[in-house]
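The values are calculated or read from the model by the stated rules, or taken from the named source; none is laboratory data. All values derive from a computational prediction rather than experimental measurement. Glycine gets a Cβ as well: all are built from the backbone with ideal geometry, and neighbour counts include every protein chain shown. Quick note on the areas: whole protein, heavy atoms, side chains included, nothing else; ligands and nucleic acids left out. Shrake-Rupley method; radii C 1.70, N 1.55, O 1.52, S 1.80 Å.
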Amino acid sequence: MTLDPSMPAEYLIGHLEDALACDPRVTEQGLHVAIRREPFVAVVSGTVLSAQHKAQLAEVVGDLLPDALLEDETEVAGRDEQIDTEEVT
């Protein structure tokens, strides 16, 4: 499904943020989208879990807004961060 680029920015932002959270290629909550009209650009910012998710982000945005340029301002989460784990017995 592609989105109509003439729709209000709030509508486009909502659909893109939902897709980035729900699409199995990305599944990243907390990403933020902004829309610029001239030129038509989708700006995505936030943190993604992996380089693969970062790469596939462009596919998801491209599927929904094929005529938009993508400005990817996301960062891949650092591997140095401590991940809390709990042992289940």
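For region 41-63, state whether one or more residues are out of contact with any helix residue (DSSP H, G or I) (no Cβ under 9 Å at 6 or more places or on another chain), open to solvent by less than 20 Å² (accessible area, probe 1.4 Å) and either modelled with pLDDT of 95 or more or among the acidic types (Asp, Glu) (or both). Checked against the condition, which is being out of contact with any helix residue (DSSP H, G or I) (no Cβ under 9 Å at 6 or more places or on another chain), open to solvent by less than 20 Å² (accessible area, probe 1.4 Å) and either modelled with pLDDT of 95 or more or among the acidic types (Asp, Glu) (or both), region 41-63 yields at least one hit. Tell me, yes or no, whether region 68-83 has at least one residue that is open to solvent by 60 Å² or more (accessible area, probe 1.4 Å), among the β-branched types (Val, Ile, Thr) and outside any helix (DSSP H, G or I). So far as region 68-83 goes, yes, one or more of its residues are open to solvent by 60 Å² or more (accessible area, probe 1.4 Å), among the β-branched types (Val, Ile, Thr) and outside any helix (DSSP H, G or I). Would you check if there is a residue in region 5-15 being part of a loop (DSSP other than H, G, I, E, B), touching a residue at least 40 places away in the same chain (Cβ under 8 Å) and either of a type in the set (Ser, Thr, Tyr) or in contact with a Phe, Trp or Tyr (Cβ under 8 Å, 6 or more places away or on another chain) (or both)? Checking region 5-15: at least one residue is part of a loop (DSSP other than H, G, I, E, B), touching a residue at least 40 places away in the same chain (Cβ under 8 Å) and either of a type in the set (Ser, Thr, Tyr) or in contact with a Phe, Trp or Tyr (Cβ under 8 Å, 6 or more places away or on another chain) (or both). The set of residues in region 29-65 that are assigned to a strand (DSSP E or B) and either among the charged types (D, E, K, R) or under 19 Å from Leu3 (Cα atoms) (or both) comprises His32, Val33, Ala34, Ile35, Arg36, Val41, Ala42, Val43, Val44.
Considering the conditions (1) hydroxyl-bearing (Ser, Thr, Tyr); (2) open to solvent by less than 30 Å² (accessible area, probe 1.4 Å); (3) touching a residue at least 60 places away in the same chain (Cβ under 8 Å), Thr2 is excluded by exactly one of them, (2).
Looking at this structure, is Val26 surrounded by 19 or more Cβ atoms within 10 Å (Cβ to Cβ), in a loop (DSSP other than H, G, I, E, B) and of a type in the set (Val, Ile, Thr)? So Val26 fits the description; yes. Residues of region 60-78 that are touching an Asp or Glu at 6+ places or on another chain (Cβ under 9 Å) and either free of Cβ contacts under 8 Å to residues at least 40 places away in the same chain or closer than 17 Å to Pro39 by Cα (or both): Val61 alone.
Pick from region 29-40 the residues that are at pLDDT below 95 and either out of contact with any Gly (no Cβ under 7 Å at 6 or more places or on another chain) or among the β-branched types (Val, Ile, Thr) (or both): which of them is surrounded by the fewest Cβ atoms within 10 Å (Cβ to Cβ)? Full working, then the answer.
Start the filter on region 29-40 by keeping residues that are at pLDDT below 95, which leaves 29-30, 37-39.
So of that shortlist, the ones also either out of contact with any Gly (no Cβ under 7 Å at 6 or more places or on another chain) or among the β-branched types (Val, Ile, Thr) (or both) come out as 29, 37-39.
Values: Gln29: 10, Arg37: 9, Glu38: 5, Pro39: 8.
Going through the qualifying residues, I end up with Glu38.
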